[in-house]
1. Count neighbours as other Cβ atoms within 10 Å of each site's Cβ, and list the trypsin sites (Lys or Arg not before Pro) in region 370-474 that are DSSP loop with at most 13 such neighbours.
2. If ligands, DNA and RNA are left out, what is the accessible area of D75 with a 1.4 Å probe, given in Å² to the nearest 10?
3. In square angstrom, rounded to the nearest 10, how much accessible surface does M463 have for a 1.4 Å probe?
4. Which sequence of W209, W110 reflects their accessible areas, 1.4 Å probe, from the largest down?
5. Spelling out what I want: for every residue of region 170-183, take phi, set θ = phi - 60°, compute 6.51 cos²θ - 1.76 cosθ + 1.60 (Karplus), and round to whole Hz; glycine and proline get x.
6. Please list, in order along region 386-394, the HN-Hα scalar couplings obtained from phi with the Karplus expression 6.51 cos²θ - 1.76 cosθ + 1.60 (θ = phi - 60°), rounded to whole Hz, x for Gly and Pro.
7. In region 84-224, if the dipole is taken from +1 on Lys/Arg beta carbons and -1 on Asp/Glu beta carbons about the Cα centre, which of P174, G207, V194 is farthest to the positive end?
8. Rank these by accessible area, largest first, 1.4 Å probe: F224, F153, F136, F397.
Amino acid sequence: MRTFSSRFFPGRIHSAAVVPLLCCTLVFLKGFGSDVLVGSAINRLLERTICRRYYQSHDHYVSLEEIDEKLCKLDPIQTELSLILGTAGFLSPLVELLVAIPLGIYADRWGRKSVLYYNILSGLLYYGWVVVVCFFDNKFKPFDVVACAVFYFIGGGPSIFTAMVLSIVADATPEGSRTTVFYHVQCIVQLVQVLAPLMGSILVTCGIWIPFYLGLSIQFAQFFVVPLLPYTNLETPKEVLTTEESSLLTRAPLPNQRTLNDGHGTHNQSHSSIPPPHPSRCVRIIVLITFFVATLGRSVVGILLQYVSLRYDWTLAQAGYLLSLKSFTSMLLFIVILPGVTAYFSKRRNIPVRNINLQVARSSLVLLSVGCIFLGLSKSAGFLIPALVIFSLGSGFGAAMQSLITSLSEKNGIAKLYSTVSVIETIGSMISHPVLAGALATGIRLGGWSLGLPFFICAASYMLAAIPLWCIGFTRSCETRHVAMWNNECVG
């Protein structure tokens with residue numbers, strides 16, 4: 001009986017070409033549909049709802065139909081808005097932490113597509129609840145919005161979506177091209193981060209509900225893309241065996257390799273049926289620790305605008321152009337620089353892809369550390385911009401590490417592994433946000449060079465993350481010994 005995957009993806013080449021394209025389409029739809037809603041759109045809708053309720057009880061002479069945004073900047077209104085956003089921002093990742101590992105196990109056992117369906121549904125209900133509370137503001141209190149986090153129990157949030165999409169990419173692409181596909185996915189993320197908030201800000205001026213109509217429609221469109229994806233984790237090991245692993249396992253028999261003889265003839269063990277060897281669990285733990293420590297410094301982008309506005313007396317609108325510069329640099333990195341580096345060293349110099357990923361991760365941490373130090377020391381915009389470019393050139397760390405840890409994992413546990421990574425990153429973000437906010441507050445109080453304290457802390461975390469990466473390495477001779485050991489254990 002032919003499966004869904006065999007009908008739509010009859011050959012390995014076709015699957016490897018189409019699946020990444022479908023995954024990038026999903027990332028674009030999910031990111032654009034969500035980011036159009038967040039930021040100015042959802043903030044303005046919540047502010048408007050709180051404002052209407054405030055003036056309904058305090059000033060009956062203000063028209064509640066179309067309240068001027070300037071009237072909504074009172075301290076009680078802004079305080080309640082901050083409380084709602086802060087509470088929702090805490091509860092949402094907390095729920096994701098609780099469901100990440102169970103959903104990862106479910107995905108490895110029953111398929112990534114099922115989790116994707118649940119995830120899309122939970123995203124629609126999440127934002128749909130915000131719309132319902134704000135539309136029926138005479139029946140709900142503004143604080144009821146925070147209940148939106150409950151819907152993440154259905155299928156998780158953005159981190160689970162990323163874990164499932166990357167799991168499908170890892171299943172369907174060989175190791176030699178997996179890293180490049182991860183770079184392309186990151187490029188789509190950067191593109192969405194540039195276009196979606198700008199589109200949301202423009203649409204809010206046209207109508208408060210327009211961004212939600214558009215965003216929810218785009219998110220719903222994901223239901224038409226997911227059926228086109230194959231059930232990648234349900235394929236046989238032979239189908240998903242990567243090119244590099246196949247060449248490694250089909251070499252001439254090793255000196256200590258044995259054969260099976262049942263008395264009627266000698267049968268060589270089929271190498272194609274042998275799963276690829278994997279390094280020790282301790283190496284994977286080292287990589288996961290590196291993920292956690294590096295995540296502590298990733299939240300520095302969140303305070304960049306406030307830092308620049310304070311240090312150089314820029315408006316937030318002027319400082320916002322720096323985020324566009326960062327995104328543009330990152331897109332150039334993911335489209336041109338990193339794929340070119342990977343292709344050159346893997347094809348021209350015949351260096352294993354996992355070794356290239358390890359070097360990219362190490363180099364990225366160095367660039368991130370240097371960039372953070374320069375950002376903290378910069379006295380003028382002329383010094384700030386090159387520092388931000390250096391920092392942005394280290395953006396390849398996440399994709400390189402994701403590909404590296406995939407090559408260290410067994411095929412039937414990738415979704416669980418990625419869910420674990422999302423848990424680690426979420427915990428790191430929850431720790432880093434208050435730490436960096438407190439560091440910035442301390443820097444503002446002390447003044448002078450202390451204003452760059454958050455960036456110095458981030459630089460230290462990146463340096464700390466680099467230490468375990470310099471303690472591991474991979475060689476072909478080591479891989480060959482692993483194969484020999486596995487064959488002896490299997491056949492003996």
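1. On the way: sites: K379, K411, K416, R445; in loops: K379.
Here the trypsin sites (Lys or Arg not before Pro) that fit, given the DSSP loop and packing criteria, are K379.
2. Taking all protein chains as shown, D75 has close to 120 Å².
3. For M463, the solvent-accessible surface is approximately 100 Å².
4. My answer, sorted largest first, is W110, W209.
5. Coupling constants for region 170-183: 5, 5, 9, 10, x, 4, x, 10, 4, 4, 4, 5, 4, 4 Hz.
6. Taking θ as phi minus 60°, the curve returns x, 5, 5, 5, 4, 4, 5, 5, x Hz for region 386-394.
7. Selected residue: G207.
8. Highest to lowest solvent-accessible surface, that is F224, F153, F136, F397.
The values are calculated or read from the model by the stated rules, or taken from the named source; none is laboratory data. Because the structure is predicted, anything quoted here is derived from the model rather than measured. In this analysis, Cβ positions are derived from the backbone assuming ideal geometry, glycine residues included, and neighbour counts consider all displayed protein chains. For accessibility, only protein heavy atoms count, side chains too; no ligands or nucleic acids. Shrake-Rupley method; radii C 1.70, N 1.55, O 1.52, S 1.80 Å.
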